[in-house]
Amino acid sequence: MKKQLLTSFLMLLALLFVSFSINAQYCTSGATSAADDEITNVRLFGASGTQINNPTTCYATTPQYMDYTVSLPAVTLVPGNTYTIEVELSQCSGTFYNNICKVWIDFNRNFTFDDPAELVATLTAGPGFPSTHTQTFTVPTTASLGFTTMRLVDVETTVPTGVVPCGPYTWGETEDYRVNLSNGSSGGPVLPPIANFFPSQATTSTIPTDTVWINSPYNLVATSTNTSRNFWDLPGENPLLAGYFRNNVAWTSQQYIDTTKYDQRLRYTFNRRGFWPVRLLAVNNLKRDSLRDSIVKFIYVDTPSAPPVA
């Protein structure tokens, strides 16, 4: 009899656990006004290249909340790997005030964002718009594997403690995204990086396809895939311009420029006309020799026919 009672009790607990797993939901969040501040683009890139690139437009419904957990593919994040989130903030009624955007990821998958380690970014914007803000974060090695949620909350405020993952607020927007926390094996093989950047071309024997203006600061943008980190160099450029220097990088004898400063983009003022070689190293956070890729491609620098306009 006691054994039957114990069995029945354990079955009841199992049913309650399944019921909770099926019916558990995240707290609600959203702005009560459709005016003023808005999230207009979210990008996330890292170990698997660019995994989110979600430009959006204004909408009139309230609460100002968008659920992308179904309409967009899940983002795969690997514990121990480092990623960068980039958020563009703008406005929907002609006015943009000081605001703060926070980003949470439910790493322990308990349908809350209460753990302090789950706040992965705090982005502060002034009155100028649109403005783009980036922050890098590392997924905890203790993260619970499986599907979970990333939440962005942008609120018109100057007080960071006023931005919380749950509840209504007046101006701003909330967005949710689906995340797959994977160890690389259960989520499929970790692919080797493929290094690339824009603008660039493979040789100097073809007509330049894109032109970088001489003596005008320019951003070269990494478009590498399956990578968690990019390193840049300008072979033969020695000395570098004032303020630039090279660092050693592990697993390679090649030095790269300002490795703590430049990753997704290299900003440099190219001061002579012609083809410039650019070296890019893309690595994966697993740090195996097979998970890195180095290329040398070329950019073309020329004199503009008119002064560049910012």
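Each value in this text was obtained by applying a stated rule to the coordinates, not by laboratory testing. For clarity, every value in this text was computed on a predicted model and none was experimentally measured. Neighbour counts are summed over all protein chains in view; Cβ atoms, including those assigned to glycine, are modelled from backbone coordinates with ideal geometry.
For the stretch 139-227, the fraction of C-alpha pairs more than 18 angstrom apart is 71%. In the stretch 209-278, the inverse of the mean reciprocal separation of distinct Cα atoms equals 13.2 Å; this is its Kirkwood hydrodynamic radius. Considering the stretch 39-93 at the alpha-carbon level, its Rg and Dmax are found to be 13.1, 41 Å. Shown here for the stretch 59-99: chymotrypsin sites (Phe, Trp or Tyr not before Pro) in loop regions (DSSP other than H, G, I, E, B) with at most 12 other Cβ atoms within 10 Å, namely TYR59.
Are there chymotrypsin sites (Phe, Trp or Tyr not before Pro) in the stretch 186-266 that DSSP puts in a loop and that have at most 16 other Cβ atoms within 10 Å, and which ones? In loop regions of the stretch 186-266 (DSSP not H, G, I, E or B), the sparsely surrounded chymotrypsin sites (Phe, Trp or Tyr not before Pro) are PHE245, TRP251. Here the stretch 23-95 and the stretch 200-251 have alpha carbon centers that stand 30 Å from each other. The alpha-carbon positions of the stretch 122-168 define a convex hull whose volume is 126 Å³ per residue. Electrostatic bookkeeping for GLU237 treats Lys and Arg as +1 and Asp and Glu as -1; over the other residues with beta carbon under 14 Å from its beta carbon, the sum is +1.
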